[in-house]
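Enquirer: My structure is below; once you've seen it, I'll send some questions.
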Amino acid sequence: MQQAPVLELKEVSKRYGSFTAVNNISFTIPAGSIYGFLGPNGAGKTTTIRMILDILKPDSGSIRILGESCALNVRHRIGYLPEEKGLYKKMRVWAIIAYFATLKGMSRKAARAQAFELLERYGLKDYAESKVESLSKGMGQKVQVLSAVAHRPELVILDEPFSGLDPVNQEVLEQLIKDMAEAGQTVIFSTHIMQHAERLCDRMLLITKGQKVFDGTLDDAHALIPRRVVLECQSALSPAPASADILSVTELPLQRPALNEATRRWEILLNEQADPQMILQHCFEQRIALSRFDYTQPSLHDVFVHLVGSDAREHALR
Amino acid sequence: MKMILLIALREYGENVKTKGFWAGILLFPLILIGVFFFQTLLAESTPSRYYLLVDQSGRYGSAVDAAIRQEHQRRILQAFVSYVLENRRDQPLTQMPGQANEQIDQLIDDVGVDEVAAVDQWLESGGIDFLLTLAAPVLRENAPPFDPPREQFLQAESPVDIPDDASPEEIVERLRPWLGGERSLLIDGERSPLFALILIPREVDSAIQRPGATLPGQSTPSGGVQYWASNLTDTRLPNAIERSINSTIRNNEFTARGVDIQTVRNVQRTRLPLSRLDPRKEAGEEAVSVADTFRQWAPVGFVYLMFISLMQSVQYLLSNTIEEKSNRIIEVLLASVTPLELMMGKLLGIGLSGITTIAAWLLSFFLFVVFYPGTETELITQFFQVLMSSDLIPYFIFYFLAGYALYAGIFLAIGSLCNTLKEAQSLMMPMMMILIAPLVTMTFIAQDPNGTVARIMSWIPLFTPFTMMNRAAAQPPLTDVIGTTVLLVLSIALVLWLSGKIFRQGVLRTGQPPRIVEILRMLRHRH
């Protein structure tokens with residue numbers, strides 16, 4: 001079914017003095033999807049999210065959210081988890097979830113019932129009456145995620161929801177996101193950990209230095225970088241395989257001392273449509289004895305590094 | 001509006017749960033109760049003090065004795081007056097014998113006007129027994145018996161033999177261990193320290209000073225009567241002695257010049273009362289009563305109350321905003337409510353808890369007056385009646401709310417700019433300096449409520465709530481009341497509007513608190 005997009009950004013920019021945090025970003029998010037918002041530290045993810053939520057005003061460009069030009073008008077239909085987490089320390093766990101739900105327009109009674117239900121479903125039942133200050137950081141974060149989504153919003157925006165969670169709780173959170181998507185809610189989450197995006201996202205947006213560098217599905221992302229085959233054989237790779245689909249053939253230095261001194265290592269980059277079988281075929285025909293044949297699907301991590309690698313490193317070294 | 005209420009309710013609910021809130025609520029009644037119980041306790045526990053009187057001249061000893069006795073009688077009379085006030089019938093009996101009621105009224109009046117004369121008079125007419133007979137008809141049936149206060153100063157026997165011809169220096173030397181507290185007197189099997197030695201030397205008359213004559217005794221500091229005591233703070237005994245000896249000497253002088261002492265005494269007791277009248281009162285009601293004096297001073301109490309509870313509220317508001325900011329809760333809140341709703345909700349919630357505190361204070365005050373019928377509460381009851389009958393309470397409620405809105409707006413803006421209380425301190429400093437001013441001028445303005453300083457301060461909006469409250473009992477000119485109120489309301493609107501601007505930009509700020517230029521830029525910001 002074709003629905004109006006839940007979110008549409010057109011040429012949105014935000015500057016702080018001379019620093020441009022977000023530069024001319026446009027994208028559209030269809031309803032009912034899990035949308036990953038990826039980028040290195042300082043890429044402008046949080047600023048973009050704050051503009052979407054109308055906490056910050058963009059300097060230029062337009063934002064339409066749930067059919068409105070201003071998030072304020074539809075704020076009861078949005079759930080938001082900010083990047084920096086914090087809760088009122090003195091409040092009880094169920095009360096804080098219920099409080100944020102009532103701020104989103106739920107009745108007190110319904111909010112209270114929903115708080116207890118969520119706590120039970122996501123394994124925090126025993127802590128319902130505890131004070132927030134007595135929780136560990138990870139548990140506190142789970143509570144905050146629940147308080148952001150307790151009012152069953154149509155659009156959920158989670159800024160770095162996985163940071164600070166142990167692997168078990170990361171899985172619980174992934175389950176929560178999947179549950180919400182199944183219920184027809186649209187989930188946008190930002191992260192710089194690609195595995196989560198890889199497992200969850202229907203579509204993703206990659207930004208770096210305030211600019212959009214990629215917007216598409218996981219397959220689109222994989223298509224961005226060439227497929228890679230690594231070979232090891234005891235002789236020169238000659239004649240080299242040649243085809244329109246083969247982008248390059250390079251010899252790599254050996255990583256570790258091989259059993260046989262004659263061992264040599266090669267990297268072959270292929271077009272994304274190419275069938276790696278053809279390399280095997282070629283070697284077999286030319287009687288090149290292979291001691292290793294590696295073909296791996298590039299991970300999202302590789303895509304990420306490929307797209308923002310130099311920038312991110314530069315950033316890290318500064 | 002619903003959001004504002006939700007936020008206000010949470011703020012209120014959370015504030016009411018804090019220890020600080022309850023400390024604030026309980027502090028005032030505890031102080032109130034503490035002061036009175038402590039006073040009572042102190043009065044009861046002050047031990048009788050023993051003095052030693054050595055009268056070598058043989059002329060003034062009896063006068064000193066009489067003076068100390070009179071001092072005691074004065075305290076009995078005072079205690080008796082409060083006893084009567086406390087235990088009086090609400091309705092005078094119809095078949096009241098004689099003019100008992102009027103006589104008691106007269107007595108109470110006399111004590112208020114001229115205590116010394118009143119004491120003389122009632123001692124002459126028969127002392128305490130006479131008074132009890134006189135008062136009996138006006139007392140309630142279930143009145144407790146009158147319990148006169150204990151004597152404070154008692155004469156002791158000398159612990160050592162003092163030869164008749166000993167010089168003053170010798171006597172002091174012999175008694176020094178007792179005076180210095182190294183040894184104590186044995187009285188009725190109990191050890192008590194010697195409080196004071198009153199030594200009247202043989203040649204004391206040579207130290208008498210007369211106007212116009214050369215002053216022979218002035219060269220020696222210990223000339224005249226010597227009062228030896230290591231306690232320098234309790235001046236009641238030396239004062240009584242000085243009064244009585246001077247009075248005796250003067251009487252002697254009168255006799256020496258052939259004037260009849262009884263005449264003199266009558267002359268001295270002649271008086272023309274001074275009535276203090278208030279020109280603003282209706283004819284026939286001009287008399288300035290105790291209640292009127294209270295009315296004059298009650299606003300000072302209110303200013304103080306306002307100051308304390310304002311301070312408490314704005315401090316809480318500040319730390320609470322900083323908590324939300326440093327915890328980044330603010331972002332979640334701002335995704336749900338507008339900054340203005342958040343600000344108003346906070347203002348309302350904390351304001352409500354401030355009002356709760358004040359209501360609790362007034363209530364505890366009221367309960368205290370009702371359930372603690374002590375001597376001092378007679379005055380408090382009057383004070384209370386003044387409060388209820390005058391328009392001070394409405395004034396107070398209005399100025400408290402106005403002052404709160406004004407200062408809360410400013411402190412909220414400060415809180416929104418800072419990430420820690422430490423950062424807030426430097427921004428708060430100037431506000432604190434401003435807040436001190438009404439407190440410092442409080443008594444001064446109460447004395448001169450429509451003077452230049454009071455009027456000028458009334459027109460400065462930051463001071464208006466305090467100063468106008470201070471002047472409330474003095475019927476300030478209508479121009480002042482209306483003008484300052486309009487100015488105050490306008491300033492509140494302006495402050496809330498500007499701090500709303502700072503608040504919405506400040507709450508999302510991170511890093512150092514801004515410099516003045518940046519704050520000005522925020523104020524000019526459009527959004």
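Enquirer: Kindly indicate whether residue A:165 is modelled with pLDDT under 90 and assigned by TED's automatic domain parsing to the domain that holds residue A:203.
Expert: yes
Enquirer: Can you find a residue in the stretch B:321-338 that is buried (at least 24 other Cβ atoms within 10 Å of the Cβ), under 19 Å from residue B:17 (Cα atoms) and modelled with pLDDT of 85 or more?
Expert: Among the residues of the stretch B:321-338, at least one is buried (at least 24 other Cβ atoms within 10 Å of the Cβ), under 19 Å from residue B:17 (Cα atoms) and modelled with pLDDT of 85 or more, which makes the answer yes.
Enquirer: Checking the condition surrounded by fewer than 15 Cβ atoms within 10 Å (Cβ to Cβ), small (Gly, Ala, Ser) and modelled with pLDDT of 75 or more, which residue from A:243, A:248 passes?
Expert: From the options A:243, A:248, the qualifying one is A:248.
Enquirer: Suppose the filter is buried (at least 20 other Cβ atoms within 10 Å of the Cβ) and in the same structural domain as residue B:340 (by TED's automatic domain parsing); does residue B:465 pass it?
Expert: Spelling it out, residue B:465 is indeed buried (at least 20 other Cβ atoms within 10 Å of the Cβ) and in the same structural domain as residue B:340 (by TED's automatic domain parsing).
Enquirer: OK, next. Would you be able to say whether some residue in the stretch A:145-155 is surrounded by fewer than 20 Cβ atoms within 10 Å (Cβ to Cβ), of a type in the set (S, T, N, Q) and either part of a helix (DSSP H, G or I) or more than 13 Å from chain B (Cβ to nearest Cβ) (or both)?
Expert: No: zero hits.
Enquirer: Restricting to the stretch A:38-79, what's the tally of residues that are crowded, with 20+ Cβ neighbours inside 10 Å and of a type in the set (Asp, Glu)?
Expert: 1
Enquirer: What residue, among those in the stretch B:296-351 that are polar (S, T, N, Q) and within 39 Å of the chain's Cα centre (by Cα), is farthest from the other protein chains (Cβ to nearest Cβ)?
Expert: Among those that are polar (S, T, N, Q) and within 39 Å of the chain's Cα centre (by Cα), it is B:296.
Enquirer: Would you mind finding the one in B:502, B:436, B:516, B:492 that is closer than 23 Å to residue B:296 by Cα and among the aliphatic types (A, V, I, L, M)?
Expert: One residue alone meets the criteria, B:436.
Enquirer: Okay, next question. I need the helices (runs of 4 or more DSSP H) fully contained in the stretch A:23-135, keeping only those with at least 3 residues that are away from every other protein chain (no Cβ under 14 Å).
Expert: Because the criterion is at least 3 residues that are away from every other protein chain (no Cβ under 14 Å), the helices (runs of 4 or more DSSP H) in the stretch A:23-135 that meet it are A:108-121.
Enquirer: Out of all the residues in the stretch A:16-37, is one or more under 26 Å from residue B:339 (Cβ atoms), assigned by TED's automatic domain parsing to the domain that holds residue A:184, among the hydroxyl-bearing types (Ser, Thr, Tyr) and surrounded by fewer than 20 Cβ atoms within 10 Å (Cβ to Cβ)?
Expert: Among the residues of the stretch A:16-37, at least one is under 26 Å from residue B:339 (Cβ atoms), assigned by TED's automatic domain parsing to the domain that holds residue A:184, among the hydroxyl-bearing types (Ser, Thr, Tyr) and surrounded by fewer than 20 Cβ atoms within 10 Å (Cβ to Cβ), which makes the answer yes.
Enquirer: From the list B:508, B:523, B:488, exactly one residue is more than 23 Å from residue B:304 (Cα to Cα), aliphatic (A, V, I, L, M) and away from chain A (no Cβ under 14 Å). Which is it?
Expert: B:523
Enquirer: Out of A:87, A:38, A:103, which single residue is free of Cβ contacts under 8 Å to residues at least 12 places away in the same chain and in contact with a Ser or Thr (Cβ under 9 Å, 6 or more places away or on another chain)?
Expert: On inspection, the qualifying residue turns out to be A:103.
The values are calculated or read from the model by the stated rules, or taken from the named source; none is laboratory data. Keep in mind the model is a prediction, meaning the values are calculated, not measured. Every residue, glycine among them, receives a Cβ derived from its backbone with ideal geometry; neighbour counts consider all protein chains shown.
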